[in-house]
1. Just how far, in whole angstrom, is segment 210-276 from segment 68-119 if you go by their alpha carbon centroids?
2. Can you compute the label reach from residue 72? Point 7 Å from Cα along the Cβ direction, backbone N cut-off under 17 Å, restricted to segment 1-34.
3. By how many nm would the segment from residue 26 to residue 251 lengthen if fully extended, with 0.36 nm per residue of separation less the alpha-carbon distance?
4. So for each of 178-187, 93-102 I average, over its residues, the number of other beta carbons within 10 Å; can you give me the resulting order with the highest mean first?
5. If you build a Gaussian network model of the chain, linking Cα atoms that sit under 10 Å apart, which residue out of 174, 73, 261 swings the most?
6. Can you classify segment 148-204 as rounded, prolate or oblate using the Cα gyration tensor, where a ≥ b ≥ c are the square roots of its eigenvalues, rounded means a/c under 1.5, and otherwise it's prolate if a/b beats b/c and oblate if not?
7. Could you derive backbone 3J(HN,Hα) for segment 55-67 from the dihedral phi with the Karplus parameters 6.51, -1.76 and 1.60 (θ = phi - 60°), listing whole Hz in sequence and x where the residue is Gly or Pro?
8. Show me, for segment 126-143, the HN-Hα J-couplings you get by feeding each phi into the Karplus relation (A = 6.51, B = -1.76, C = 1.60, θ = phi - 60°), rounded to Hz, glycine and proline as x.
Amino acid sequence: MADLGKWNTLEVVRLEDRGVYLDGHECGEILLPTFEGGKGQELGSWVKVFIYNDSEDRLIATTKEPKIIVGEYAKLQVVQVNAAGAFLDWGLSKDLMLPFGEQKRRVSQGVELVVRAYVDEQTGRLAATTKLGRFLGKESRRFLEDEQVDILVVRRSTPGYNVIVEGIQWGMIYHDQIFQPVSIGDQLKGYVLETRDDDKLDIILQKPGAAKVGTLAYQIMAKLKSEGGFISVGDRSDAMAIQAMFAVSKKTYKKALGQLYRERKILFVDGGVKLA
């Protein structure tokens, strides 16, 4: 059976001027139109295609790459809003519908938002939702402290940014732990700071512990060499100045300076740091 909203490898069973027909098994024959990549295939060959609904809700195949597939999350732009709902640009000829009932808040044309693609069980159609909570926190996976994870930035809130961790759990990056530009839809590497009582995760973007300090120490030495052996940001400098130069907290910066000082690689002079 061909999977709607996902990639499938199907056999060419019929050739026509408007494209080729693929064996969709229980779904019957599925057209791969010429404008969707259905040209040049031979009878009996196999083609990797994405299956979605055309404007008449028939199954149709394409070799084009969509921006999202069923079960995944992505940032998409609203290109139209009408009485039926909102419609999102997902890279295919027919826009992806975001029903009003699947909107956490009403959306308007031009905005970008993180959604999940799914198949509506009642209509059998592909759709998107911004109500992501019902898909997260369902797996019993245990996350370890300092574990590196893939995160997707979903929205900004008062304490920080809500993120999806490894596609299965909510996480939070707090504003005072962010030392680099962050935007909605960013896909980043992060590290688990701790697991809260509600099983949601506190995430940081910088390497934790000794590994983080060691990396920063290397960056400080490289900066000193590129600046002629002196930088004006020392262990007593303002936290904002440290953040602007190295994108880390003052606490982490002082640890890295302490390591370099103990190794006799630097000296503290004139409110800054110089090569020893």
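Coordinate-derived values only; no laboratory data. Small disclaimer: the values here were computed from a predicted structure and weren't measured. Please note: Cβ atoms are built from the backbone with ideal geometry, for glycine as well, and neighbour counts cover all protein chains shown.
1. For segment 68-119 versus segment 210-276, the Cα centre distance is 46 Å.
2. Flagged as within label range: 3-9.
3. On the way: separation 225, 0.36 × 225 = 81.00 nm, distance 6.13 nm.
Gain on extension, residue 26 to residue 251, equals 74.9 nm.
4. 93-102, 178-187
5. 261
6. Rounded, because the longest to shortest axis ratio a/c is under 1.5.
7. 5, 9, 6, 7, 5, 9, 10, 8, 9, 6, 8, x, 7
8. Karplus values, whole Hz, x for Gly and Pro: 6, 7, 10, 9, 9, 8, 7, x, 6, 9, 10, x, 8, 9, 8, 5, 9, 9.
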